[in-house]
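A short reminder: the numbers here are calculations on the coordinates, not readings from a lab. Values in this document were obtained by computation on a predicted structure and should not be read as measured data. Every residue, glycine among them, receives a Cβ derived from its backbone with ideal geometry; neighbour counts consider all protein chains shown.
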Ligand code: ADP
């Protein structure tokens, strides 16, 4: 099994690239943001707790997210060749927990971190456009968007060094057309 992480700030295009990658490489897309939004839609207790935080642009607690991931990687269809984690890990605690979880399945851990690099000003523009199309509450106010970008820099960016030190980090220019980015990611995957 392959375990890819699609990495980058909010609005970097992780979801878009994930949907192309799952088709090409028979992967399962595990988006913690999407899974949390499903919990909210179902009105579960986890959803209720998550909604409060998400709407303010804050992270959901590591233990909630880790339960979701554990459940995803332990129950899967045998036809898939791996996973692509989108929006996870977002903290060092989550990255360390993922490494521990993967030890149950392989010795090599995360196969590769595919990191979409995009400037903050481009991100804000993209999220504002997405707000018009998808109507996500956390995309609707500039204050929440700015909070998410700040949280990204403070808590998620340290993962770059974490994965560089482990030789798993691959950078991809994220402000190119979708198909060019996709081809660049495919070249990285095929060179592994
Ligand atoms: P984006 O990448 O555009 O921020 P996501 O759909 O990945 O959108 O995430 C939406 C929100 O869900 C995040 O702002 C955060 O509140 C919550 N969330 C998603 N994944 C995690 C995670 N791994 N840890 C904590 N909170 C998360």
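Worth a mention:
- Number of the exception - residue 63 against (1) out of contact with any helix residue (DSSP H, G or I) (no Cβ under 8 Å at 6 or more places or on another chain); (2) buried (at least 19 other Cβ atoms within 10 Å of the Cβ); (3) closer than 21 Å to residue 158 by Cα: (2)
- The residue pairs whose first member lies in the stretch 116-127 and is closer than 20 Å to residue 5 by Cβ, whose second member is exposed (fewer than 14 other Cβ atoms within 10 Å of the Cβ), and whose beta carbons are closer than 8 Å, counting only pairs six or more residues apart or on different chains, are 117/173.
- Residues in the stretch 113-167 that are buried (at least 19 other Cβ atoms within 10 Å of the Cβ) and touching a strand residue (DSSP E or B) at 6+ places or on another chain (Cβ under 6 Å): 113, 114, 115, 116, 163.
- Looking across the stretch 1-45 at every residue that is in contact with a helix residue (DSSP H, G or I) (Cβ under 8 Å, 6 or more places away or on another chain) and on the phi > 0 side of the Ramachandran plot, the one that is nearest to the ligand (Cβ to nearest atom) is identified as 11.
- Meets criteria (touching a strand residue (DSSP E or B) at 6+ places or on another chain (Cβ under 7 Å) and more than 10 Å from the ligand (Cβ to nearest atom)) for residue 48: no
- Residues that are touching a helix residue (DSSP H, G or I) at 6+ places or on another chain (Cβ under 7 Å) and over 20 Å from residue 26 (Cβ atoms) do not occur anywhere in the stretch 71-83.
- Only one entry of 21, 36 meets the criterion of being in a helix (DSSP H, G or I), more than 12 Å from the chain's Cα centre (by Cα), touching a residue at least 60 places away in the same chain (Cβ under 8 Å) and crowded, with 20+ Cβ neighbours inside 10 Å, and that entry is 21.
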